[in-house]
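The values are calculated or read from the model by the stated rules, or taken from the named source; none is laboratory data. Since we're looking at a predicted model, the values are computed, not measured. Cβ sites come from the backbone with ideal geometry, for glycine too, and all protein chains shown count toward neighbours. The area values use the complete protein model at the heavy-atom level, side chains included, leaving out ligands, DNA and RNA. Shrake-Rupley method; radii C 1.70, N 1.55, O 1.52, S 1.80 Å.
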Amino acid sequence: MAHKRREEPLSATASPVKPADSPTTVPVPASAAPGPASADYRELLEAFQALQEESHRRTVALGMAAHQLKTPLAIIAGYVDLLLTEKAGALNPRQRQILDESRYNCVRLQKFIEDFLSYSALETGKLTVKFEVGDLRACLSELYTYWLPSFQKKRVALYFPETKPLPPFPFDYDKVQHVVSNLLENALKFTPAGGTVWLTAEPYVWERRSRPQPGVKQERRRQNLPLPNSVRVNVSDTGPGVAPEYRQEIFDDFVKLSPSGEPPGGMGLGLAVARRLVLAHGGKIWVESEVRAGSTFCFLLPLNPF
């Protein structure tokens, strides 16, 4: 997705994202006495490390394959767009319908590739979060404009209401758009025609636990301070809701839920990628839901992620 040109950032910091499940060397206890038990342990450890390395190699190979698909797919989408403009000749209704379906599936496949490339980069530690001081509301407003036609086509209302002003703070503009796009796509998929989706962002006081967080110098607890220390972004829908047993699982890799009576779609990576990108910002993501009463996917971004 192309973004409009943004103003020069006030400050910028790049931070590499640590892969969640990169190959790990597990030390063998020096105190382990020789014998059948220690031999079994070493054999099990070697098998575990071999599986990790094989998984890593496959992720890299699939990521390279997905990357190779980007250019030809972009060319196909470009020609479809050209035909839809009728610069190459007038279209009859049936031809336009076929091209519209082709364009929809090109966009769908581009989204799959984007998610998998992000997943591959996160798994291999090659994805970098570039923190730039920016306007989160402008970032979300751009997404709202981009997604509105898709919601209107399905006859689902999409609202982005005014809330309290948000202070400028450091975040990765593109990564946050990726997170919110995944949440909006999920809401559009599960909300029936005639339903409603809300996108909101507001200042928030995040009272964190005392356990140290990676990359965070100090805890962002309230400490009797009146000022918010984070921004809370919500995507709420009037869909079927998420059953309690799935509210943690849906953020795992390759987990797919589907609307009642429909086959699962996608690769099950949208929410998993969103979770990892939010964590890379030092944030938190979760879902609040009741069955048959809709869902609200929420995430927090700290105002001071360093």
Separation in nanometres of the label points that stand 7 Å from Cα toward Cβ, at residue 49 and residue 130: 3.7
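Order 154, 256, 130 by their accessible area, 1.4 angstrom probe, all chains in place, largest first.
Heavy-atom accessible area, descending, gives 130, 256, 154.
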Residues other than residue 250 with Cβ under 12 Å of its Cβ, Lys/Arg counted +1 and Asp/Glu -1, net out at -1
Using a 1.4 Å probe, how large is the accessible area of residue 76, given in Å² and rounded to the nearest 10? 90
For 247, 292, what's the largest-to-smallest order of accessible area, 1.4 Å probe? 292, 247
Sequence order, the stretch 97-112: Karplus ³J(HN,Hα) from phi using 6.51 cos²θ - 1.76 cosθ + 1.60, θ = phi - 60°, Hz rounded, Gly and Pro as x, gives 4, 5, 5, 4, 5, 5, 5, 4, 6, 5, 4, 4, 5, 4, 5, 4
Sorted list, accessible surface of protein heavy atoms, 1.4 Å probe, largest first, for 155, 108 is 155, 108
Pop a pseudo-label 7 angstrom from the Cα along the beta-carbon direction at both residue 79 and residue 105 and give the gap in nm to one decimal. 1.5
Sticking with the crude label model, points 7 Å out along Cα→Cβ, report the distance from residue 243 to residue 163 in nm, one decimal please. 3.1
